[in-house]
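Remarks on the structure that follows.
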Amino acid sequence: MKIVRVGLDVPVDTLFDYRADDATGADLGRRVLVPFGRRTAVGVVLELAQHSEVPVAQLKPVVRIVRDEPALDAADLRLLGFAAAYYHHPLGAVVMNTLPQRLRRVKPTRAAPPRAFALTAAGAHAEADDLPVRALVQRRLLALFKAQEILDPAAMRAAGATASRALQQLVARGWVEARAAPVPPRQTGVVAAPPLTAEQGAAVQAVTAALGNFQAFLLRGITGSGKTEVYLHAIGAVLDAGHQALLLVPEIALTPQLENVVRARFPSAHLVSLHSGLGESDRFEHWRAAQSGAADIVLGTRLAAFAPLPRLGLIIVDEEQDASFKQMDGLRYSARDLAVVRAQQRRIPVVLGSATPALETHYNAVAGRYRLLELTQRIHAAPPSIACIDTRGERLADGLSGALLEAVGTRLARNEQSLLFINRRGYAPVLMCHACGWLSGCPRCTAKLVLHLQDRQLRCHHCGHCAAIPVSCPDCGNPDLAPLGQGTQRVEAALAARFPQARIVRIDRDSTRRRFAWQTVRERIQAREVDILVGTQMLAKGHDFPHLNLVGVLNADSLLYSTDFRAPERLFALLMQVAGRAGRGADRGEVLIQTEFPQHPLYAAVRGQDYGAMAETLLAERSAAGFPPFVHQALLRAEAPSAASALDFLAHAAQIGRQLPQAVTIYDPVPAAMVRRAGLERAQLLVQSDNRALLQQFLGAWYARLATTRTRRTRWSLDVDPLEF
Ligand code: ADP
Ligand code: ZN
Ligand code: ZN
């Protein structure tokens with residue numbers, strides 16, 4: 001009897017057996033429709049078998065194996081298999097959740113083939129100057145058509161976020177028309193590569209020499225040292241060899257910008273992006289292009305780490321230290337770590353790029369497992385000067401010191417841009433009653449409700465709970481409630497009051513919620529229509545603003561004395577990244593950090609811009625304290641309506657773990673750093689070992705035992721190599 005073993009998206013760690021009399025080896029990796037309970041479910045064929053544990057009478061036949069579309073190949077399945085085994089997550093759930101939404105449905109809606117557009121005879125004679133001066137995107141799009149004649153929608157996006165509207169306008173003018181024919185190969189060389197510096201050349205040389213073999217590289221280069229250029233050259237070599245390149249970035253906000261750069265450099269290559277900001281049908285099309293081998297370059301966020309790529313020749317992970325590469329729920333994978341595993345499986349090189357590598361990555365380079373490539377010089381400008389503003393003994397007006405306000409004023413007078421960085425959005429992180437000490441707490445979380453003055457709301461940033469701003473203290477009736485601390489909105493308001501003539505924009509998740517909002521703001525900044533930027537982390541990453549010369553950092557101290565052992569490393573990375581925004585143009589940048597601890601060694605390392613010194617100090621501390629990378633960790637997380645159930649479950653789990661033969665360290669269950677979230681009590685149990693293989697063996701056995709434990713109302717999950725405690 002022929003049996004297919006099918007992975008389904010269910011939280012049970014097993015495959016499901018079905019009869020499929022015509023199944024062959026070619027069906028492995030194919031989607032399959034099967035009866036499941038009272039419904040039909042979609043799964044993927046993961047194994048073939050002759051026999052089943054299930055009695056023959058109970059075995060149901062498959063509804064249909066989907067044979068008219070490409071299957072996941074053996075290499076794809078191997079990566080998914082590794083992820084399921086390493087992160088101890090059901091294989092079926094892993095496989096199904098990496099498929100685009102459309103393929104997880106029983107009835108996939110057929111996608112319309114992407115249409116191409118071409119210049120008409122009238123369009124060929126039209127000039128940019130026939131268009132209104134302000135119709136920038138139309139002008140750019142027309143220029144693209146003039147260069148290439150036929151464009152698909154993906155290529156048109158290079159003209160700007162509103163390219164599709166501009167396209168309609170060009171169609172309405174009769175200059176452009178739809179074409180059924182496929183897009184012919186475009187000519188190359190629209191943007192020429194600059195000659196590489198000696199350091200860049202050596203890095204490119206090392207990576208290209210490794211093509212066809214596994215080698216992990218750490219490309220460490222301060223911001224502005226030209227890491228992107230190294231990526232582009234390496235990608236060029238991969239394309240020449242007829243292979244695909246995968247480029248992973250941490251943020252969706254970064255993809256359009258980088259997409260334009262890559263597209264301009266390789267106009268004849270087929271580039272697709274993969275990230276959660278794409279619509280369902282784009283995501284499906286792009287995934288398919290990757291899988292069919294049609295796409296030469298895939299640019300994406302962490303979920304692209306799993307994109308099927310039959311001709312894969314190189315993986316690049318930019319800003320590899322970024323915590324967004326780690327998925328924080330469901331399959332809690334690290335896209336960066338999977339990239340290294342994938343490179344190893346495929347015998348290809350992988351490049352991890354960063355100005356401030358994760359200590360784990362740095363340590364791998366020190367230990368010789370990764371090869372270190374260094375870029376020590378900024379290409380255009382000198383590195384910024386970094387200084388601390390000692391705020392002890394000063395009463396800060398809305399969080400801004402006199403020295404910082406003065407520096408902003410000076411830049412303003414010189415018509416230069418300033419950026420004020422603060423790690424919190426909203427107006428103030430909490431509302432307070434000075435009469436009785438009442439603080440605006442979230443009823444569902446161990447967290448404070450943040451004051452959002454513009455929307456006249458108190459909001460929890462963890463569970464989304466919203467409340468109206470009370471007119472008086474709910475505890476004592478005092479009508480004088482005061483905002484405590486600063487958020488981006490308050491800083492923005494204070495700056496507007498102090499510099500009424502300045503053009504100020506605020507950039508955080510509240511201000512950029514609308515789909516192309518960020519792109520528009522970015523264009524305004526580049527066109528010097530903005531004097532002062534106030535923003536959160538969103539602004540820290542990879543943006544290139546040539547007229548921005550002053551960066552002020554508020555509230556960095558809040559990260560200095562965190563209980564998380566990774567906090568200093570993150571603060572250093574964040575400050576170097578923010579500092580990297582200053583002085584990208586011709587002028588030297590200046591960075592001012594407000595702090596009450598100007599003598600702290602971490603700030604000394606930041607002022608010296610010395611990653612090596614910081615890494616050495618922190619590694620010594622981690623080694624002494626027995627923290628990663630010197631040990632390997634896993635966290636069993638539990639949440640339940642009552643703290644007792646969560647802790648009881650973990651105590652029971654610890655007991656099971658102590659009976660297992662592997663001698664790993666099992667700590668006692670403790671409440672999570674954020675004890676309550678969205679109405680659930682949270683607790684965790686840490687296990688660790690200096691031997692990764694031993695820890696993995698333990699986790700495998702432990703997970704199997706836990707999976708059969710009755711837990712009543714407790715939800716639990718395993719987090720291997722946790723980044724958050
Ligand atoms: P990083 O990614 O390391 O922060 P970028 O790759 O953004 O640095 O490079 C900084 C700037 O220098 C960019 O404007 C880039 O175009 C330019 N650049 C990079 N390499 C060279 C080079 N070899 N010659 C001239 N300009 C370069
Ligand atoms: Zn009160
Ligand atoms: Zn909450």
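Key figures
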| read-out | value |
| --- | --- |
| The range 193-211: number of residues that are over 17 Å from SER225 (Cα atoms) and in a loop (DSSP other than H, G, I, E, B) | 2 |
| Test: residue in the range 517-538 that is touching a residue at least 60 places away in the same chain (Cβ under 8 Å), within 16 Å of ligand 1 (Cβ to nearest atom) and closer than 20 Å to ALA161 by Cβ | yes |
| Filter result (under 28 Å from ASN691 (Cα atoms) and assigned to a loop (DSSP other than H, G, I, E, B)) within the range 639-663 | LEU660, PRO661, GLN662, ALA663 |
| Failed criterion for THR410 (all others in (1) more than 16 Å from ligand 2 (Cβ to nearest atom); (2) buried (at least 21 other Cβ atoms within 10 Å of the Cβ) hold) | (2) |
| Those strands (runs of 3 or more DSSP E) lying entirely in the range 664-725 with at least 3 residues surrounded by fewer than 16 Cβ atoms within 10 Å (Cβ to Cβ) and out of contact with any Pro (no Cβ under 6 Å at 6 or more places or on another chain) | 670-677 |
| Top-ranked residue of the range 187-242 - restricted to ones that are among the acidic types (Asp, Glu) and either over 24 Å from ALA264 (Cβ atoms) or open to solvent by 50 Å² or more (accessible area, probe 1.4 Å) (or both), ranked as farthest from ligand 1 (Cβ to nearest atom) | ASP240 |
| Which numbered condition LEU449 fails, given (1) modelled with pLDDT of 95 or more; (2) surrounded by fewer than 19 Cβ atoms within 10 Å (Cβ to Cβ) | (2) |
| Verdict on LEU419 being more than 30 Å from GLY580 (Cα to Cα) and not in a loop (DSSP other than H, G, I, E, B) | no |
| Filtered residues of the range 1-35 (kept if surrounded by fewer than 17 Cβ atoms within 10 Å (Cβ to Cβ), of a type outside the set (Val, Ile, Thr) and under 25 Å from GLY330 (Cβ atoms)) | PRO11, ASP13 |
| Condition broken by LEU635, with the remaining ones in (1) loosely packed, with under 15 Cβ neighbours inside 10 Å; (2) closer than 21 Å to LEU331 by Cα satisfied | (1) |
| Meets criteria (in a strand (DSSP E or B), open to solvent by less than 70 Å² (accessible area, probe 1.4 Å) and within 16 Å of ligand 3 (Cβ to nearest atom)) for LEU431 | yes |
| Criterion: at pLDDT 90 or above and farther than 20 Å from ASN423 by Cα - qualifying residue of ALA604, ALA567, ALA573, ALA586 | ALA604 |
| ASP152 among the charged types (D, E, K, R) and farther than 25 Å from GLN257 by Cβ | no |
| Per-region count, the range 87-107, residues out of contact with any Phe, Trp or Tyr (no Cβ under 6 Å at 6 or more places or on another chain) and farther than 14 Å from GLY330 by Cα | 7 |
| Verdict on ALA407 being free of Cβ contacts under 8 Å to residues at least 40 places away in the same chain, farther than 18 Å from ARG506 by Cβ and not in a loop (DSSP other than H, G, I, E, B) | no |
| Criterion: modelled with pLDDT under 95 and surrounded by 14 or more Cβ atoms within 10 Å (Cβ to Cβ) - qualifying residue of GLU416, GLU394 | GLU416 |
| The range 452-469, residues that are exposed (fewer than 15 other Cβ atoms within 10 Å of the Cβ), more than 14 Å from ligand 3 (Cβ to nearest atom) and more than 14 Å from GLY487 (Cβ to Cβ) | ARG456, ALA468 |
| Single match in GLU69, GLU53 (criterion: modelled with pLDDT under 95, within 25 Å of LEU278 (Cβ to Cβ) and surrounded by fewer than 13 Cβ atoms within 10 Å (Cβ to Cβ)) | GLU69 |
| Looking only at the range 566-590, and only at residues there that are basic (Lys, Arg) and over 19 Å from PRO722 (Cβ atoms), the one that is nearest to ligand 3 (Cβ to nearest atom) | ARG581 |
| Considering residues of the range 487-500 that are open to solvent by 30 Å² or more (accessible area, probe 1.4 Å) and touching a residue at least 24 places away in the same chain (Cβ under 8 Å) only, the residue nearest to LEU458 (Cα to Cα) | ARG490 |
| Qualifying residue in the range 337-350 (condition: of a type in the set (Lys, Arg), more than 26 Å from the chain's Cα centre (by Cα) and more than 16 Å from ligand 2 (Cβ to nearest atom)) | no |
| Sole residue being over 30 Å from the mean Cα position of the chain (by Cα), more than 30 Å from GLU639 (Cβ to Cβ) and more than 16 Å from ligand 2 (Cβ to nearest atom), chosen from LEU453, LEU372, LEU404 | LEU404 |
| Selection status of PHE217, within 27 Å of LEU373 (Cα to Cα) and of a type in the set (Phe, Trp, Tyr) | yes |
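The values are calculated or read from the model by the stated rules, or taken from the named source; none is laboratory data. On a predicted model such as this, the values are computed, not experimentally measured, just so you know. Cβ atoms come from the backbone with ideal geometry, glycine included; neighbour counts cover every protein chain shown. What goes into the accessible areas is simple: the full protein's heavy atoms, side chains included, and nothing from ligands, DNA or RNA. Shrake-Rupley method; radii C 1.70, N 1.55, O 1.52, S 1.80 Å.
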